[in-house]
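First comes the structure, then the notes that go with it.
The values are calculated or read from the model by the stated rules, or taken from the named source; none is laboratory data. Note that the structure is a prediction, hence the values are computed from the model and not measured. Glycine also receives a Cβ, built like all others from the backbone with ideal geometry; neighbour counts cover every protein chain displayed. What goes into the accessible areas is simple: the full protein's heavy atoms, side chains included, and nothing from ligands, DNA or RNA. Shrake-Rupley method; radii C 1.70, N 1.55, O 1.52, S 1.80 Å.
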Amino acid sequence: MTWSEMQPLLSQACSETFDMVLWSTLIAVVVGLPLGLLLVLTDRGGLLQNVVANKVIGQIVNVGRSLPFIILMVALMSFTRWVTGTTIGTAAAVVPLAIGGIPFFARLVETAVREVDGGLVEAVQSMGGNTWTIVRKVLVPESLPSLIASTTTTVIALIGYSAMAGTVGGGGLGDLAVRYGYQRFETELMWITVAILAVVISLIQFAGDFAARALHRRGGRSGPAPRLRFLKAAEPDPAEAGKAA
Amino acid sequence: MITTSGLTKVYRSRGREVTALDGVDLHVREGEVYGVIGQSGAGKSSLIRCVNLLERPTSGTVTVAGQDLTALAGRGPRAGKELRQARSRIGMVFQHFNLLSSRTVQDNVELPLEILGVSGKERSRKALALLDLVGLADKAKSYPAQLSGGQKQRVGIARALAGDPKVLLSDEATSALDPETTRSILQLLRDLNQQLGLTVLLITHEMDVVKSVCDSAALMEKGRIVESGTVSELLATPGSELAAALFPLSGERTGAERTVVDVTFHGEAATRPVISQLSRTYNIDISILGAAIDTVGGLQIGRMRIELPGRYEDNVVPIGFLREQGLQIDVVGQEAVLVKEGAK
Ligand SMILES: Nc1ncnc2c1ncn2[C@@H]1O[C@H](COP(=O)(O)OP(=O)(O)OP(=O)(O)O)[C@@H](O)[C@H]1O
Ligand SMILES: [Mg+2]
């Protein structure tokens, strides 16, 4: 295969992957952010304490998080058809991607928002602020660097999922690599897609880290900026730990 | 200005009950600085958090500026509109400042005004005026992380004043600061109290804080107020723990056959040569074991620990003489006698 043969295939695959990831990320963020906030707010001792709601949302998020994406995709076939009228194509792939991304992002939001100092919430309460004010003026802005890092993590995870979704007719880079590289032994094309994915993921990671750090610095905060959530979640932030002590 | 009556707070967690407040009656007059002091776990924070209903009292009432806040609270855990409005007229300052790190100093001060729905121009005018008042006009565009602890607390105070409160609550506002900075913050609170007529309720575990700024004080122990009053009232109360803690006197009895007496002078008595009169009149040798002089709320207060030869029974007459001079006398190690005499 020559480069002139590969080029249109690659550019189409790239734009398909871009579409899938863009739309599914948007939906995951738009739905996952309120869900993550609700997980914190409805928890015991939270501003909107509601044990039942908390359990229900928590359970849905857990199941959505732990289900392997490929199974989620197959299981959602009929739902996807109901929403988009088809089960193949980029639009159809966005449905399971978004639904897989929502609980993923919601958990990350929950972790990020929990790290906000409760004293700040109390300060705004003492000024007469209501719950909505607290969400808008404290919880979201104060966890913004972490939320940006969480979005980066979600985009990268969705790029991975999109490769799987592509094989079921969604197209994109993953599909291209499988169809040509695996089924037709076009090894060269496969390596090019691998390289493109590696570069794209690195760029996204870099941009996300940069944005999170810039925001973090703007606040003049010391201590490490939030990076990839799933790598760092277990480690307590030394700056936060110091504050608590 | 602030009155609590029969305030109790019981925390229930995992079946365990902790009574943090056990029938607290507090009365803070308009325009005074009122200090609540007590050991860790005495319930001081619970008390101040109950005043603006950040913590729901289990029973009892809280009245601030004539408004019964407990009646506004409603039943649910969330604060209704009326309670939130009442809170916006009560400023609060915190030990750990609680400034939003994502906002500049000026934006932090503007936050309460945003909540009150004040327009943008008016907000920044007011925020800058308040920053000027607390001496931080040049830091308006800085972020909290770029400030020292004392500066952060000044921002916290400016923010607490943004809603033009009549009452300021302060929970250990100086506990995270060094002694020098503590003094400057206390001075600021005192100035605000005098310039704006602000009523200040402050919680502390440092006697020095009470001594330097408070008009009145209360001592808390195990959820109760065990002593309270204006500082001069407390000093005039025989056996007052707060008075003793405010003006500690040291000096041990030098022998068995001796009587140790703590003498407190205030007002006019402080200027008379009482001790030398005593010595001359009864022809006794008096040794001074310890003495302290301080200014409390603009009044000079002196305390002195003296030792007279002989046992208490031998010294009833000279001690009576001292009492007649309008001095407050505490005979050290004679609690029983003291109580009996107090009952008379
Ligand atoms: N949210 C809570 N849940 C359960 N118990 C609590 C809670 N807050 C306070 N307590 C308990 O209530 C008691 C009084 O606490 P409080 O914080 O009012 O004391 P404090 O006088 O402010 O102490 P410190 O000087 O250490 O701040 C303590 O025994 C504490 O353990
Ligand atoms: Mg406390």
Listed by chain and number, the aspartates and glutamates with an alpha carbon less than 20 angstrom from that of B:LYS121, same-chain partners under 8 positions apart left out, are B:ASP107, B:GLU110, B:ASP132, B:ASP138, B:ASP164
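Quote the charge dipole size of chain A about the Cα centre in Debye, to the nearest 20; the model charges only the Cβ of Lys and Arg (+1) and of Asp and Glu (-1). It would help to have the intermediate numbers written out before the result.
Working: 18 positive and 16 negative charges, 102 e Å.
It comes to approximately 480 debye.
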So what's Rg/Rh here for segment A:146-192, counting alpha carbon atoms and using the Kirkwood radius for Rh?
1.15
Once amide H atoms are placed 1.01 Å from N in the peptide plane, what residues at a sequence separation of 5 or more from B:SER287, or on another chain, have their amide H within under 5 Å of its amide H?
B:GLU307
Contact surface B-A: accessible area buried, both sides summed, square angstrom, 1.4 angstrom probe
2100 Å²
Where the centre of each part is set by its Cα atoms, how far does segment A:131-158 sit from segment B:164-225, in angstrom?
37 Å
Chymotrypsin sites (Phe, Trp or Tyr not before Pro) restricted to DSSP loop in segment A:157-196 with at most 12 other C-beta within 10 Å:
A:PHE185
Simple Cβ-charge dipole of the protein assembly as shown, Lys/Arg +1 and Asp/Glu -1, about Cα centre, in debye nearest 20:
1520 debye
Please calculate the 1.4 Å probe accessible area of A:VAL31, with all protein chains present, and give it to the nearest 10 Å².
60 Å²
With all protein chains modelled, accessible area of B:LEU133 [1.4 Å, Å²]
70 Å²
When only the heavy atoms of the protein chains count and the probe is 1.4 Å, how do A:ILE71, A:ILE27 rank by accessible area, highest first?
A:ILE71, A:ILE27
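Test of the criteria: in segment B:228-265, which GluC sites (Glu not before Pro) are in a DSSP loop and have at most 16 other Cβ atoms within 10 angstrom of their Cβ? List each step's numbers first, then the result.
Numbers: sites: B:GLU233, B:GLU241, B:GLU252, B:GLU257; in loops: B:GLU252, B:GLU257.
Here the GluC sites (Glu not before Pro) that fit, given the DSSP loop and packing criteria, are B:GLU252, B:GLU257.
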On average over all directions, what projected area in square nanometres does segment B:2-235 have, based on the convex hull of its Cα atoms?
13.0 nm²
Mind grabbing the accessible area of A:ILE201 for me, 1.4 Å probe, Å², rounded to tens?
60 Å²
Let me check something: with ligands and nucleic acids excluded, how do B:SER170, B:SER142, A:SER4 order by accessible area (1.4 Å probe), largest to smallest?
A:SER4, B:SER142, B:SER170
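If you wrap a convex hull around the alpha carbons of segment A:14-172, what volume per residue comes out, as a whole number of Å³? Don't skip to the end; give the middle numbers.
Details: hull volume 16.8 nm³, N = 159.
So the per-residue hull volume is 106 Å³.
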So what is the 222 nm mean residue ellipticity for the protein assembly as shown from helices alone, if each DSSP H run of at least 4 adds -39500 (n - 2.57) and you divide by all residues, rounding to the nearest 500 deg cm²/dmol?
-16000 deg cm²/dmol
Over the Cα atoms of segment B:218-310, what is the Rg over Rh ratio if Rh follows Kirkwood?
1.03
So the angle from the long Cα axis of helix A:90-114 to the longest Cα principal axis of chain A, reported in degrees to the nearest 10, equals 30 degrees
Once exposed loop trypsin sites (Lys or Arg not before Pro) are cut out (DSSP; at most 15 other Cβ, 10 Å), longest piece of chain A:
A:45-183
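If you take each beta carbon of peptide B:105-112 and count the beta carbons of other chains within 10 angstrom, what is the mean?
Values: counts 0, 0, 1, 1, 0, 0, 7, 6.
If you average over the peptide's residues, the count of other-chain Cβ atoms is 2.
Average partner chain C-beta neighbours within 10 Å, per residue of B:84-97? Present the calculation step by step, with values, prior to reporting the outcome.
Details: counts 6, 1, 1, 5, 4, 1, 3, 2, 5, 2, 5, 1, 6, 3.
What the average comes to for B:84-97 is 3.
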